[in-house]
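The values are calculated or read from the model by the stated rules, or taken from the named source; none is laboratory data. Fair warning: this is a prediction, and the values are worked out from it, not measured in the lab. When we count neighbours, we look across all protein chains shown, and the Cβ atoms used for this are built from the backbone with ideal geometry, even at glycine. Accessible surface is based on the protein model in full, side chains and every heavy atom, while ligands, DNA and RNA are left aside. Shrake-Rupley method; radii C 1.70, N 1.55, O 1.52, S 1.80 Å.
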Amino acid sequence: MVSVVVVGAGVAGLTAARDLVAAGHEVVVLESSPRVGGKLLRTSVAGVQVDVGAEAMLNRRPEGVTLARELGLPIEHPAVASSRIWTRGALRPLPRSLMGVPLDLAQLAASGVLTPEGVERVRLEPTLPPERIADDISVGELVDRRFGAEVTDRLVEPLLGGVYAGNARLISARAAVPQLVAYASAGSVLEAAGAVPTTYDAPVFAGIPEGMGRLPEALAAGLTVRTGATVRELRRTAAGGFELVVGPTTAAVPVTADAVVLATPAAPTARLLSTVAPTAAAVLAGIESASMAVVTLAFRAADVPTLDATDSSGFLVPPVEGRRIKAATFSFSKWGWVRRAGAGLLLMRTSLGRYGEAVALQATDEELVAWSLADLRDAVGVAAAPVDTHVQRWGGGLPQYAVGHLDRVARARAAVAGVPGLAVCGAAYDGVGIPAVIASAHRAARELVTEG
């Protein structure tokens, strides 16, 4: 029986461990923090269990929904409610887009998101020649060229900010929005949009009643997981296996294994690989991350009747607006289970923090709550005091897919593949969404099983 240590008890590590156990391996998961789940976390706010990390997963990509169902967890889809952009002094409808890139010129013009000059610039896009992109390009640079900077600033930035907490003019187009590269390389993006369906058979997103945090909890229930177990060093043994140094520096103990899966963020993965796979370590050390904070607020429905009657699921805020929050999600409107659990309370959340900003880590909880309330007052007129609040910080929580990311990942994986019994997975590689992270975990487990 092959013994495997999985480092990291986020959804990636737990999924990889589950796959390896199913393949007949003896697996132990080591997690440095006191809990499992990584960025999937739920907690009680005003007596209601809600997500304070990722709250949804793509439904049209199957890995997340499939795994949840295999674990016996129910699936719920968000209500059909509109999203808006808070820009140019108003909450405006979010026009149909591909990660903010306009796909419907009439909707765009009617939304008022862009100035008249910005709309006229978009109208010119079909007259431009196809793009010639030899290697990679940032999303912002490509959108600037084809649609104008206003589209990047007011539409693409808030969408990408929600997914990556990043800067559109730094994020890789090939890694983050490959369809955009394909459309632009073939000709007009607006003309290609005619082939993109406007209606779908399945909802875009899915969640789990009582919180996405139930997913790692259910995964961990069938595994051997040690929390509070920090892995400080990884080295090869003379027999061809691995030795991990685990625990506090004053009382570290060695743990041996035939194989290891590193399901940790890029920076700690790089540190652990420094001696066993130095080339991969150097590549992964170059992947930066963004920090953010999620502020959850609970209001009495009677105190905010206008908000209670909203038909919106929330709004995004472009950085050019100079606001503190980058998004607000009306959880009570978006998720039926949140509305039901609230029983007279309206729970919602704001997010703050983008790449290059220290606000999410340096501001106090009181400041983050006050900034959120101030922006909500200006955006939707909420003047009541919340009955409860919660601040969750995610330091270095979102890897940045900079230009050249796909090549970076290929080089790192090739170097890791040169070390028998070693695999990596997580959000730093093939996508930051839950299904993509689960897929990377399946891949890591499959690689070790194939080797064995």
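The set of residues in region 360-379 being open to solvent by 30 Å² or more (accessible area, probe 1.4 Å) and either over 20 Å from Phe315 (Cα atoms) or of a type in the set (D, E, K, R) (or both) consists of Leu361, Gln362, Thr364, Asp365, Glu366, Glu367, Arg377, Asp378. Given the criteria open to solvent by less than 10 Å² (accessible area, probe 1.4 Å) and not assigned by the TED database to the domain that holds Arg323, does Val163 qualify? Against the criterion (open to solvent by less than 10 Å² (accessible area, probe 1.4 Å) and not assigned by the TED database to the domain that holds Arg323), Val163 does not qualify.
Residues that are more than 30 Å from Arg236 (Cβ to Cβ), of a type in the set (A, V, I, L, M) and surrounded by fewer than 19 Cβ atoms within 10 Å (Cβ to Cβ) within region 380-422 comprise Ala383, Ala384, Ala385, Val387, listed in sequence order. Looking at Gly322, Gly353, just one residue is closer than 18 Å to Ser372 by Cα and free of Cβ contacts under 8 Å to residues at least 24 places away in the same chain, and that residue is Gly322.
Given the criterion surrounded by fewer than 21 Cβ atoms within 10 Å (Cβ to Cβ) and modelled with pLDDT of 95 or more, identify the matching residue among Ala81, Ala90, Ala68.
On the way: Ala81 fails: modelled with pLDDT of 95 or more; Ala68 fails: surrounded by fewer than 21 Cβ atoms within 10 Å (Cβ to Cβ).
That would be Ala90, the only listed residue that is surrounded by fewer than 21 Cβ atoms within 10 Å (Cβ to Cβ) and modelled with pLDDT of 95 or more.
Suppose we filter Val143, Val151 for residues that are within 17 Å of Arg88 (Cα to Cα), open to solvent by less than 10 Å² (accessible area, probe 1.4 Å) and hydrophobic (A, V, I, L, M, F, W, C); which single one remains?
Details: Val143 fails: within 17 Å of Arg88 (Cα to Cα).
Val151 is the lone residue from the list that is within 17 Å of Arg88 (Cα to Cα), open to solvent by less than 10 Å² (accessible area, probe 1.4 Å) and hydrophobic (A, V, I, L, M, F, W, C).
If you go through region 40-65 and keep only what is open to solvent by 30 Å² or more (accessible area, probe 1.4 Å) and in contact with a Lys or Arg (Cβ under 6 Å, 6 or more places away or on another chain), you end up with Gln49, Ala54.
In region 425-442, how many are assigned to a helix (DSSP H, G or I) and more than 12 Å from the chain's Cα centre (by Cα)? Can you show your working first?
Let us first name the residues in region 425-442 that are assigned to a helix (DSSP H, G or I), namely 434-442.
Adding the requirement that they be more than 12 Å from the chain's Cα centre (by Cα) leaves 438-442.
Residues meeting the conditions: 5.
The single condition among (1) among the hydrophobic types (A, V, I, L, M, F, W, C); (2) without any contact (Cβ under 8 Å) to a residue 60 or more places away in the chain; (3) open to solvent by 40 Å² or more (accessible area, probe 1.4 Å); (4) out of contact with any Pro (no Cβ under 8 Å at 6 or more places or on another chain) that Leu170 does not meet is (2).
I'd like the residue in region 9-31 that is in a helix (DSSP H, G or I) and of a type in the set (A, V, I, L, M) and, out of all such residues, is most open to solvent (accessible area, probe 1.4 Å). It comes out as Ala22.
What are the residue pairs meeting all of these: first residue in region 422-448, first residue within 25 Å of Gly207 (Cα to Cα), second residue modelled with pLDDT under 95 and in a loop (DSSP other than H, G, I, E, B), Cβ atoms under 7 Å, and 6 or more apart or on different chains? As it stands, the answer is Pro435/Arg61, since those pairs meet every condition given.
Matching residues to (1) in a loop (DSSP other than H, G, I, E, B); (2) assigned by the TED database to the domain that holds Gly344:
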{"residue": "Val50", "(1), (2)": "no, no"}
{"residue": "Arg60", "(1), (2)": "yes, yes"}
{"residue": "Glu63", "(1), (2)": "no, yes"}
{"residue": "Arg69", "(1), (2)": "no, yes"}
{"residue": "Leu73", "(1), (2)": "yes, yes"}
{"residue": "Trp86", "(1), (2)": "no, no"}
{"residue": "Leu91", "(1), (2)": "no, no"}
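Identification of strands (runs of 3 or more DSSP E) wholly contained in region 193-312 with 3 or more residues that are among the small types (Gly, Ala, Ser) and surrounded by 13 or more Cβ atoms within 10 Å (Cβ to Cβ) yields 289-300.
Is it true that some residue in region 66-77 is closer than 24 Å to Ala192 by Cα and either touching a residue at least 24 places away in the same chain (Cβ under 8 Å) or in contact with a strand residue (DSSP E or B) (Cβ under 9 Å, 6 or more places away or on another chain) (or both)?
We begin by selecting, within region 66-77, every residue closer than 24 Å to Ala192 by Cα; these are none.
No; the residues of region 66-77 include none that is closer than 24 Å to Ala192 by Cα and either touching a residue at least 24 places away in the same chain (Cβ under 8 Å) or in contact with a strand residue (DSSP E or B) (Cβ under 9 Å, 6 or more places away or on another chain) (or both).
Would you check if there is a residue in region 129-145 being assigned to a strand (DSSP E or B), in contact with a strand residue (DSSP E or B) (Cβ under 9 Å, 6 or more places away or on another chain) and at pLDDT 95 or above? Reasoning before the result, please.
If we filter region 129-145 for residues that are assigned to a strand (DSSP E or B), which is where we start, we get 138.
Filter once more, so that each one left must be in contact with a strand residue (DSSP E or B) (Cβ under 9 Å, 6 or more places away or on another chain): 138.
Filter once more, so that each one left must be at pLDDT 95 or above: 138.
Looking for residues that are assigned to a strand (DSSP E or B), in contact with a strand residue (DSSP E or B) (Cβ under 9 Å, 6 or more places away or on another chain) and at pLDDT 95 or above, one finds at least one in region 129-145, hence yes.
From the list Gly228, Gly211, exactly one residue is within 22 Å of Pro62 (Cβ to Cβ) and modelled with pLDDT of 95 or more. Which is it? Please lay out each step first, then the result.
On the way: Gly228 fails: within 22 Å of Pro62 (Cβ to Cβ).
Exactly one residue qualifies, and that residue is Gly211.
Taking region 436-447 as the range and being under 30 Å from Val295 (Cβ atoms) and buried (at least 21 other Cβ atoms within 10 Å of the Cβ) as the test, the residues that pass are Val437, Ile438, Ser440, Ala441.
If you filter region 93-138 down to residues that are small (Gly, Ala, Ser) and open to solvent by less than 20 Å² (accessible area, probe 1.4 Å), you find that the one that is nearest to the chain's Cα centre (by Cα) is Gly100.
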